[in-house]
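A short worksheet on the structure shown next.
Values in this text are rule-based calculations from the coordinates and carry no lab data. Because the structure is a prediction, the values reported are computed rather than measured. Methodologically, a virtual Cβ is constructed for each residue, glycine included, from the backbone with ideal geometry; neighbour enumeration extends over all protein chains shown.
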Amino acid sequence: MSINLKQSVKCPKCEHMSDVTVWSSITVKDSMDLKSDLLAGKINMFKCPSCEHIGLMPHPMLYHDEDKRLMISFSPTNDPVLKEKMFSDIKESSKNSDELDKLEGYNLRFVTEYNEMLEKILIFDNELNDKAIEVIKLMILSQDIEKSEQRNCRFGKVCDDGLEFMIHDTIENQIYTSTVPKSSYDTVYTSLIESGMKPYSFDWEVVDPTYATRLLNGYNNNF
Ligand SMILES: [Zn+2]
């Protein structure tokens, strides 16, 4: 079920008041238009009609794609302590409500960044798994280890040559692309599965570079 509410918002820049539609839940089968708007970065974005200031509404949202068996809980924050708390809260409330029983075979993801949410939607739309993608992203960044701290890498798209990744260098302020053959993805995915990685979730998961590092080091309990 897709759910929204209207909120009156004061622009943080010019203090103009305007009404914004805030989505707290998006179910893909209800409306493909909503999904397109989300992928275009229009959902829960505030745009001031007076000064055109743009900002993300600090509002949590649940994304649900029944066909892909994907559920993403998006809770916007930059605070690592708050992130930990919200992550344990969602796990706790799911456990208490038995809702996980109905989500067998699902991938359940907890994210705190808008772009991270969009990236995961794209990954699963392309029939890929984000755990293998995160491992490949680490491999790409480790090719230039001295600059890996200042760079972040995101899945871009599937093209004829394979999987295209975007590398953003925050110091050089440059965007590079890197293409990985589909066969390399398949190799990584197969070896992760053979090592015991499950292609679906038993609980909410944060699948990020830290997760991928744990996978590579074999420290993950589910692994
Ligand atoms: Zn404004």
> Under a Cβ-Cβ cut-off of 10 Å, what is the net charge of the residues other than D65 that fall near it, where Lys and Arg count +1 and Asp and Glu count -1?
Replying inline: +1
>> From Cα pairs below 8 angstrom and at least 6 apart in sequence, can you work out the relative contact order of segment 56-109, rounded to a whole percent?
In response: 38 percent
>> Students often check this: by mean Cβ neighbours within 10 Å, which of 50-56, 127-133, 38-44 ranks highest, and how do the rest follow?
In response: 127-133, 38-44, 50-56
> Count of lysine pairs in segment 4-108 with Cα atoms under 20 Å apart, counting only pairs 8 or more residues apart in sequence or on different chains?
Replying inline: 17
